[in-house]
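**Student:** Sharing a structure here in structure tokens format.
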Amino acid sequence: MPGLAIVGTQWGDEGKGKITDLLARDASAIVRFQGGNNAGHTIVRDGEEFKFHLIPSGILHEDKYCVIGNGVVVDPKILLEEIEGLRKAGISVSNLRVSSNAHLIMPYHILLDTAGELKLGKLSIGTTRRGIGPSYADKALRLGIRVQDLLDEKILRKKIMAALDDKQQALRELAVRRRKLQREGEADDEVPIDDRLDLHSITEDYLNYGHRLEPYIADTARLCWSELDAGNKVIFEGAQAALLDLDHGTYPFVTSSNPIAGAACVGAGVGPTDIEQVWGVVKAYTTRVGAGPFPTELDDEAGRHMSERGHEFGTTTGRPRRCGWLDLVALRYAVRLNGTTALAMTKLDVLAGLESIKVAVRYRSKAGAVLNEFPYHQSILHNATPEYVELAGFGDEISDCRKEEDLPPAAREYLTFVSDFVGVPIALVGVGPGREQVIWTSAAV
Ligand code: GDP
Ligand code: IMO
Ligand code: MG
């Protein structure tokens, strides 16, 4: 049985959590391979809503391994809170495993992330302020602290000391800059910045987290190999999405990891030949949280329809998501980047009630050039105007449909148009948040 990657194809929040929960049914392990608690994945089971930030979305299947791979950045405090929440809900976490090689998010990463946002003032990226960027930066600088370091007091203290050295200075400088912004009335006053960091209390806290996490810490690459080698299906669950990819997304308005399928190998410790299927999750329209280019963004009735009917507010930060039409130029780019073999289209039900539906099929540059492909230069994208094809709307309600034949013809035409355009079959369609609110199409493998 193959490895199967599930990835986002837009700017996140496509419904990856729900699709992972569904496809996990015949898997033996579900592995998160990048990102951290900037992610927010929602699963609705029997009307009960579960939100996960770090724990893989397979956790509701208690008989499967749920793995936090080496490519994830782990805030241990948040992880312990999620474990506790699940225990309280009566869900076993005994099959949870955390890679000993995963890097940690430390309190100074969160401060630096917040301070960095304030530093840039109006040009901020709009990060989730969870410390993701600074943690990955420390990893690349080889100043990172890993999950395994939690188990050795001497090493932990030494590493925190080394990492803190330049952080104190950076935070002091940022605090000065922030005060200047405050005087100029530009600082975001909602978030207090505490620029004092105490080696002793951080070490004590993290030793305590390590003690509590110890039963879950493991050699997770080896676990993946043994499942794959035994012929079992392993799901590699991506967080964020292609257009937030550090290398291929709308840099610098991206996250600090690689959410595309190729990164599953690095972030879990398996080889490219271990992954046979790649499922791209696409929302029937587009949303984006935070700043950055978004050619099909709407500020009209249709956009408000998506926002309201789709409850488009961030799972992690509660921020309203920007909404717009489906962008097939960007989707085709994401499909190719990921080597996508099938698409799962979520939230088709949200488009019901609209008289007609548009999809972007090309862009027009500021100079008037026709752009059939996602532009490689960011300035062109910033100034690109989408050109649309208008398709028929499909009535008021489709959330009770369970088979392709139940869908109104116009909804089926929408699916066909999208899959023909990007050249990949749509295997699964979401018609509501519930686990059962899906349609497996004839293209499902
Ligand atoms: P993720 O980050 O990709 O896992 O997506 P989120 O969980 O952040 O956001 C997706 C939201 O849409 C969640 O609230 C889901 O419960 C919800 N959702 C998922 N699929 C569908 C669907 O087909 N229809 C509707 N109406 N909601 C959906
Ligand atoms: P899931 O997994 C949507 C966005 C932030 C910001 C940018 C950088 O739920 O799809 P970061 O905190 O990562 O440094 O922020 O990336 N972002 C997401 N947007 N869904 C997510 O995750 C996101 N994770 C990060 O809003 O614009
Ligand atoms: Mg989300």
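**Student:** Simple spin-label model, 7 Å along Cα-to-Cβ: GLN168 to GLU390 in nm?
**Tutor:** Placing both labels 7 Å beyond Cα along the Cβ direction yields 6.5 nm.
**Student:** Taking only the Cα atoms of the stretch 103-216, how large is their convex hull per residue, in Å³?
**Tutor:** 104 Å³
**Student:** Working from Cα positions, state the angle (0 to 90°, nearest 10) between the long axis of helix 76-88 and the longest principal axis of the chain.
**Tutor:** Approximately 60 degrees, to the nearest ten.
**Student:** Which log10 I(q)/I(0) values does the stretch 218-334 give at q = 0.12, 0.16, 0.17 Å⁻¹ under the Debye formula, counting every alpha carbon as one identical point scatterer?
**Tutor:** Calculated log10 I(q)/I(0) at the listed q: -0.55, -0.84, -0.91.
**Student:** Could I ask something else about it? Assuming a ≥ b ≥ c are the square roots of the Cα gyration tensor eigenvalues, decide whether the stretch 392-445 counts as rounded (a/c under 1.5), prolate (otherwise, with a/b larger than b/c) or oblate.
**Tutor:** In terms of gyration-tensor shape, oblate.
**Student:** Defining a contact as two alpha carbons under 8 Å apart and six or more residues distant in sequence, what relative contact order in percent does the chain show?
**Tutor:** Result for the chain is 20 percent.
**Student:** Students often check this: by mean Cβ neighbours within 10 Å, which of 159-171, 371-383, 282-294, 345-357 ranks highest, and how do the rest follow?
**Tutor:** The densest-packed peptide leads the list: 282-294, 345-357, 159-171, 371-383.
**Student:** Percent of accessible area on the chain owned by carbon and sulfur, 1.4 Å probe?
**Tutor:** For the chain, the apolar C and S fraction of the accessible surface comes to 50 percent.
**Student:** Keeping every protein chain present and rolling a 1.4 Å probe, give me the accessible area per residue for the stretch 103-216 in Å².
**Tutor:** Here the per-residue accessible area is 55 Å².
**Student:** With a 1.4 Å probe and all protein chains kept in place, how much accessible area does ARG129 have, in Å² rounded to the nearest 10?
**Tutor:** 50 Å²
**Student:** Moving to a separate point now. Taking R0 as 45 Å, what FRET efficiency do you get between ILE91 and LYS403 from their Cβ-Cβ distance, rounded to the nearest 0.05?
**Tutor:** It comes to 0.90.
**Student:** Turning to a different aspect of this structure: Go through the stretch 385-445 and name the GluC sites (Glu not before Pro) that are in a DSSP coil and have 16 or fewer other Cβ atoms within 10 Å of their Cβ.
**Tutor:** Those that pass, being in a loop and sparsely packed, are GLU397, GLU436.
**Student:** Compute the distribution of all C-alpha to C-alpha distances in the chain, in bins of 20 Å from 0, and list the percent of pairs in each, rounded to whole numbers.
**Tutor:** 26, 56, 18, 0
The values are calculated or read from the model by the stated rules, or taken from the named source; none is laboratory data. Everything numeric here is computed off the predicted structure, so don't read it as measured data. In this analysis, Cβ positions are derived from the backbone assuming ideal geometry, glycine residues included, and neighbour counts consider all displayed protein chains. All accessible areas refer to the heavy atoms of the entire protein, side chains included, with ligands and DNA or RNA removed. Shrake-Rupley method; radii C 1.70, N 1.55, O 1.52, S 1.80 Å.
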